[in-house]
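Just so it is clear, none of the values below were taken in a lab; they were calculated from the coordinates. All of these numbers come straight from a predicted model, not from anything done at the bench. Because the Cβ atoms are built from the backbone with ideal geometry, glycine has one as well, and the counts that use them run over all protein chains shown.
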Amino acid sequence: MTKPIQTAPDSKNLTKEIKNLLKNLEALLVAHFYQKDEVVNLAHFCGDSLELSRVASMSEKPLIVFCGVAFMGQSVKVLAPQKRVIMPKMSCCSMARMIDCDYFDKSIELLKSYDVENVFPITYINSNADVKAKVAKMGGLVCTSANAKNIFDFAKKQGKQIFFLPDRCLGQNLAMMDNKSSCVLGSASAEEVRKSDVICYDGFCSVHQLFSVSDIEFYRQKFEDIKIVVHPECDPSVVKLADFVGSTSQIIKYVQNLPLEQRVAVGTEFNLVNRLRPKFNGINTTFVLSSSKPECPTMNETSLQDLLDCLRAYEDGMPINEVELDSDTQKWAKIALDRMLELSIP
Ligand code: 13P
Ligand code: SF4
């Protein structure tokens with residue numbers, strides 16, 4: 001069902017050398033679905049954040065070449081510290097960059113100033129390892145978009161208010177789907193914060209902010225029977241109107257199980273959407289749910305040349321962009337991720 005991916009002819013030599021190096025170095029090449037086609041084409045495994053951290057950390061290969069954003073490579077290093085993890089581009093997800101340890105501490109201070117002392121923290125996997133470590137030290141854990149519901153159900157049983165970070169949209173969406181109240185720290189009043197079941201940090205994904213209610217209205221007016229599919233990083237007003245909400249892997253599965261004649265508009269990164277399915281009788285039935293191009297700039301940075309340069313440098317004993325973590329961060333971030341994995345359905 002998936003569209004065949006075209007590779008530019010001048011990339012053939014690059015591809016050949018990359019394949020040889022991967023073999024000689026006994027490396028596993030993994031890539032997130034938002035990577036360019038040329039990278040996805042070469043990867044041994046492609047997946048969502050949860051699958052990538054699992055597959056790469058459990059692989060027998062000693063070297064992981066990770067094409068994605070920094071927090072993803074870090075997650076593999078945290079889960080499998082004995083492995084070497086290199087990244088052709090060590091670019092940071094813009095949402096992950098919205099929170100660091102300082103902002104985390106300031107948020108906890110702000111909550112205390114509102115007499116909210118005892119929260120249960122959940123950090124979305126789109127955060128750096130030192131933030132995950134902070135969350136673990138407070139008894140909390142990590143979630144991804146694929147397992148968020150399970151983790152949320154677990155968190156609810158802890159009998160505390162949930163502090164969800166850094167994605168306010170995912171936090172609000174989880175609360176909305178479970179009929180729980182939520183607010184955004186910084187814009188909500190002290191009273192609202194005290195009363196809310198879920199307190200969200202004010203981070204967001206700039207790519208998924210692009211999808212709007214008017215995009216959905218446009219497609220529904222144009223094609224009466226169209227399905228609207230979105231990632232849970234979209235705004236709650238958008239998620240509320242969608243036919244299906246899921247992680248990148250869940251979106252792929254859902255769309256590829258629809259009959260090809262069924263029109264669908266998808267609210268996530270364009271690289272993934274464009275390779276979802278072929279045309280039906282020459283007619284395009286798969287649309288990007290936005291009039292502007294939803295491109296994740298950091299995911300799109302990695303090229304075949306970067307991949308080759310990274311492998312050559314490693315072979316020469318001068319690795320570039322190797323993931324390294326201090327032992328305290330390593331230990332506590334692993335606790336946060338292990339707690340998540342224990343609660344995730346394989
Ligand atoms: P997934 O875990 O669904 O792949 O999402 C990661 C991400 O960064 C989406 O923007
Ligand atoms: Fe981060 Fe958004 Fe890019 Fe995902 S799409 S990696 S959340 S900036």
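For a straight C-alpha distance cut-off of 15 angstrom, the aspartates and glutamates reachable from K293 (same-chain residues fewer than eight places away being disregarded) are D215, E269. Within the range 235-290, the trypsin sites (Lys or Arg not before Pro) that combine a DSSP coil assignment with at most 13 other C-beta atoms in a 10 angstrom radius are K279. From the alpha carbon centroid of the range 83-138 to that of the range 184-211 is 15 Å. Placing unit charges on the Cβ atoms of the charged side chains and taking the dipole of the range 123-200 about its Cα centre, the candidate lying farthest along the positive direction among N126, A136, L174 is A136.
Remark: spin-label model distance R194-S237 equals 3.0 nm, labels positioned 7 Å along the Cα→Cβ axis. Here the range 60-138 is assigned +1 on the Cβ of each Lys and Arg and -1 on the Cβ of each Asp and Glu. Its dipole about the Cα centre then comes out at about 500 debye. Here the Karplus curve 6.51 cos²θ - 1.76 cosθ + 1.60, taken at θ = phi - 60°, turns the phi angles of the range 240-245 into couplings of 4, 9, 7, 7, 8, 10 Hz, with x standing for Gly and Pro. If you average the C-alpha positions of the range 273-346 and of the range 9-67 separately, how far apart do those two centres end up, in angstrom? The range 273-346 and the range 9-67 have Cα centres separated by 10 Å.
What FRET efficiency do you get for Q256 and S113 if R0 is 56 Å and r is their Cβ-Cβ distance, rounded to the nearest 0.05?
Details: r = 49 Å, r/R0 = 0.87.
Taking R0 as 56 Å, the efficiency between Q256 and S113 is 0.70.
Of the residues H231, H208, the one with the fewest other Cβ atoms within 10 Å heads the list, and the complete ranking is H208, H231.
Taking amide H positions as modeled 1.01 Å from N, with prolines and chain starts lacking one, the residues under 5 Å from F287 and 5 or more places away or on another chain are V264, A265, V266. The loop-placed GluC sites (Glu not before Pro) in the range 36-114, going by DSSP, that have at most 11 neighbouring Cβ atoms within 10 Å of their Cβ come out as E60. The count of lysine pairs in the range 170-282 with alpha-carbon distances below 30 Å, taking only pairs 8 or more places apart or on different chains, stands at 14. With a threshold of 19 Å on the Cα-Cα distance, the over-threshold entries among K36/K77; K83/K331; K77/K157 are K36/K77; K77/K157. Between Y34, Y254, Y124, the Gaussian network model of the chain with springs among Cα atoms under 10 angstrom shows the greatest mean-square fluctuation at Y254.
From helices alone, the chain scores -12000 deg cm²/dmol at 222 nm; the rule is -39500 (n - 2.57) for each run of n ≥ 4 DSSP H residues, then divide by the residue total. For C200, the residues whose modelled amide H falls within less than 5 Å of its own, excluding neighbours fewer than 5 places apart on the same chain, are F164, C183, V184, L185.
Using DSSP to define loop residues, name the trypsin sites (Lys or Arg not before Pro) in the range 48-110 whose beta-carbon has at most 16 other beta-carbon atoms within 10 Å.
Values: sites: R54, K77, K83, R84, K89, R97, K106; in loops: K83, K89.
Passing sites in the range 48-110 do not exist.
Beta-bridge orientation, the chain: approximately 5 percent antiparallel, per DSSP, counting only bridges with both partners inside. Counting neighbouring beta carbons within 10 Å and listing from fewest to most, the residues C169, C143 come out as C169, C143.
Grab the beta carbon distance between Q82 and K180, set R0 = 35 Å, and tell me the FRET efficiency rounded to 0.05. Working from the Cβ atoms, E equals 0.30.
Assuming a ≥ b ≥ c are the square roots of the Cα gyration tensor eigenvalues, decide whether the chain counts as rounded (a/c under 1.5), prolate (otherwise, with a/b larger than b/c) or oblate.
oblate
Can you tell me, using C-alpha contacts under 8 Å and at least 6 residues apart, the relative contact order of the range 126-228 as a whole percent?
On the way: 99 pairs, mean separation 22.9, N = 103.
This gives 22 percent for the range 126-228.
First measure r as the distance between the Cβ atoms of A313 and K12, then evaluate 1/(1 + (r/R0)^6) with R0 = 22 Å and state the FRET efficiency to the nearest 0.05. Intermediate results must be reported in sequence, preceding the final value.
Working: r = 22 Å, r/R0 = 1.00.
Efficiency, rounded to the nearest 0.05: 0.50.
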